[in-house]
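The values are calculated or read from the model by the stated rules, or taken from the named source; none is laboratory data. Here the structure is a predicted model, which is why all the values come from computation and not from measurement. Here Cβ is always computed from backbone atoms with ideal geometry, including for glycine, and neighbour counts include all displayed protein chains.
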Amino acid sequence: MVEDSDMPVKMQVQAMSLASQALDIFDVVDCKSIAGHIKKEFDERYGSGWQCVVGSNFGCFFTHSKGTFIYFQLETLKFLIFKGFYSLIKQNLSQCCIIFFTLL
C-alpha cells in the first residue's frame, strides 16, 4: 500500500514490484540486502543517486529530487525510496524537496 509518493505511477508500480521480488529473494529480517537490491535496480534503470530504506521502525530526514519519492508498505516492512540530493547538484536545485519522517 502506497502511503505517500510524488513518483509517476509507472515508477511506483516498479518500486513495489522490485520490493516484492526482493522479499522473495532475501529473508524478511535481512533489510539491508533488501534495500541494497532495490537501490541497485533503481540506479541501473534511472541513473545513480537512489537511496532505499527498509524496515519496520525508522526515522528519516532527507532532501530528494522532485518526482522520485515513494513510501509504501509490503507485508510487515515499510519501504522508502528516493533519489538523493547529491544527484541534484548538476541539476536545477529548485527541483528538490525536503521530507521528514518518523516511522513507527
- Kindly indicate the residue of segment 1-10 that is out of contact with any Gly (no Cβ under 8 Å at 6 or more places or on another chain) and closer than 14 Å to F82 by Cβ and also surrounded by the most Cβ atoms within 10 Å (Cβ to Cβ) among those meeting that condition. S5
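Can you pull out every residue in segment 2-21 that is acidic (D, E) and part of a strand (DSSP E or B)?
The initial filter retains those residues of segment 2-21 that are acidic (D, E), namely 3-4, 6.
E3, D4, listed by residue number.
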- Task: Mind telling me which of the residues F82, F72 ends up being outside any helix (DSSP H, G or I), at pLDDT 95 or above and out of contact with any Leu (no Cβ under 8 Å at 6 or more places or on another chain)?
- Result: F72
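Among the residues of segment 12-67, count how many are among the β-branched types (V, I, T) and touching a residue at least 40 places away in the same chain (Cβ under 8 Å). Steps first, please.
Taking segment 12-67 and keeping what is among the β-branched types (V, I, T), we get 13, 25, 28-29, 34, 38, 53-54, 63.
Those left that are additionally touching a residue at least 40 places away in the same chain (Cβ under 8 Å): 28, 34, 38.
Total meeting the criteria: 3.
For residues that are outside any helix (DSSP H, G or I) and aliphatic (A, V, I, L, M), scanning just segment 22-35, find the one that is surrounded by the fewest Cβ atoms within 10 Å (Cβ to Cβ). Working first, answer last.
Let us first name the residues in segment 22-35 that are outside any helix (DSSP H, G or I), namely 26-30.
If we keep only those that are aliphatic (A, V, I, L, M) too, we end up with 28-29.
Details: V28: 14, V29: 11.
That would be V29.
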- Task: Could you list, in sequence order, all residues of segment 36-68 that are assigned to a helix (DSSP H, G or I) and touching a helix residue (DSSP H, G or I) at 6+ places or on another chain (Cβ under 8 Å)?
- Result: H37, I38, E41, F42, R45, Y46
- Item | Those residues of segment 36-61 which are of a type in the set (F, W, Y), surrounded by 11 or more Cβ atoms within 10 Å (Cβ to Cβ) and farther than 15 Å from Q73 by Cβ, in sequence order | F42, Y46, W50
